[in-house]
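Values in this text are rule-based calculations from the coordinates and carry no lab data. Fair warning: this is a prediction, and the values are worked out from it, not measured in the lab. In this analysis, Cβ positions are derived from the backbone assuming ideal geometry, glycine residues included, and neighbour counts consider all displayed protein chains.
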Ligand code: PLP
């Protein structure tokens with residue numbers, strides 16, 4: 001008899017974005033004349049940088065001639081992209097990362113979801129709350145949790161990210177083996193200082209743990225004192241894996257390209273307590289299950305590092321940060337506490353005692369603005385909403401004027 005992986009039955013159906021879509025659709029039906037502004041979902045709205053489009057066209061033309069055509073590429077990514085990444089994203093900032101430690105992929109979602117496969121199913125996992133749900137669900141699927149009760153999976157160590165700790169979780173009081181951290185954070189938009197990150201690296205070294213550092217929003221950092229990579233912290237190479245993505249950096253959400261860094265010294269242990277390198281394990285997994293990103297897309301990603309590409313990416317992220325600054329300014333003027341928006345495209349707003357969905361409904365009904373209810377990201381998100389800066393400046397201006405009107 002064929003049986004299923006019953007861990008899947010423990011998963012909580014993610015109603016968040018479908019519930020939002022349903023409420024928005026029924027509101028639209030009831031008020032066909034109302035123009036809805038969406039500041040909910042974290043998807044970019046602006047076109048790819050011109051340098052990327054140019055590279056994409058040129059690479060597509062190469063595929064059109066036998067002499068320059070390319071078939072299967074290296075699963076880990078082409079050398080031209082891995083070299084450009086190592087040089088520009090790491091060595092230029094004093095972080096020691098080599099091209100052969102970079103694994104190019106089609107998304108940080110896939111990578112942050114798949115990486116847990118190389119670790120034992122019996123390890124203790126620490127996961128932030130609120131959280132990007134992929135970290136949580138993939139560990140549930142793998143059987144690293146108990147059942148879901150009182151809004152949480154049993155067997156996990158939740159790292160509360162709340163106002164009291166400025167939305168940067170404290171070290172766990174129990175010993176954990178695998179730690180998920182994401183900065184700049186989705187959904188809160190909070191950032192971590194180098195000193196705070198060092199405490200996590202030290203913890204991982206002392207406890208023989210590994211940190212999975214998701215830096216998908218690194219390109220939004222403007223405060224030069226903030227770390228862009230965990231490898232800017234001494235000692236991180238032995239205990240940290242980092243994830244990056246071109247999705248929000250360069251508008252690649254529909255184009256798909258990302259990468260993961262697994263340093264050659266990064267280790268975990270076998271059941272006998274012997275040190276085992278993680279680089280060959282991830283390399284094996286990547287080569288067995290992934291065919292590599294297409295040549296034209298890697299060429300487009302490499303164009304991010306050209307002089308023109310760097311300038312255009314900066315303009316793109318500046319555009320969204322200008323939206324974020326406006327949201328932050330207006331929401332603060334209305335008397336709300338919030339975090340994020342300075343070095344991140346998200347603003348996490350404390351609803352002053354309102355339930356997350358109540359706040360959502362109020363903004364939809366009175367302002368025709370869509371946000372994301374914070375409770376959808378975990379128990380600590382209850383009472384918050386997330387506003388995203390991914391829209392046009394004009395729409396953000398309009399949305400904030402309407403929110404102001406609705407709240408007065
Ligand atoms: N990590 C975080 C924290 C995200 O918010 C997202 C996307 O929203 C991703 C990873 C996924 O990135 P990608 O589009 O590269 O799969």
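Quick notes
- Here 286, 279 are placed in order of increasing Cβ neighbour count within 10 Å, fewest first, which gives 279, 286.
- Alpha-carbon centroids, region 276-317 and region 107-177: separation in whole Å: 26
- Distance between the pseudo-spin-label points of residue 34 and residue 87 (7 Å out from Cα toward the beta carbon): 5.3 nm.
- With a cut-off of 13 Å on the backbone N, the residues of region 91-129 near the modelled label site 7 Å out from residue 175 along Cα-Cβ are 123-124.
- By definition, a body whose alpha carbon gyration tensor gives a ≥ b ≥ c is prolate when a/c is 1.5 or more and a/b is larger than b/c, and region 44-174 fits this prolate description.
- Sorting 4, 385 from the fewest to the most surrounding beta carbons within 10 angstrom yields 4, 385.
- With an a/c value of 1.5 or above and a/b not larger than b/c for the gyration tensor axes a ≥ b ≥ c computed over the alpha-carbon atoms, region 174-292 is described as oblate.
- The alpha carbons of the chain stretch over 60, 54, 54 Å along the principal axes, in descending order.
- Here is how the number arises for the chain: DSSP H runs of 4 or more residues each give -39500 (n - 2.57), the sum is divided by the residue count, and the result at 222 nm is -11000 deg cm²/dmol.
- Cβ-Cβ FRET estimate between residue 365 and residue 194, R0 fixed at 45 Å, reported to 0.05: 0.55
- Taking the number of Cβ atoms within 10 Å of each Cβ as an exposure proxy, the fewest-first ranking of 334, 212, 321 is 334, 321, 212.
- Prolate/oblate/rounded call for region 339-408, Cα gyration tensor, a/c under 1.5 rounded: oblate
- Residues in region 94-112 reached by a label modelled at residue 264 [backbone nitrogen below 17 Å; 7 Å Cα→Cβ]: 95-103
- The chain - percent relative contact order, Cα under 8 Å, separation 6 or more: 23
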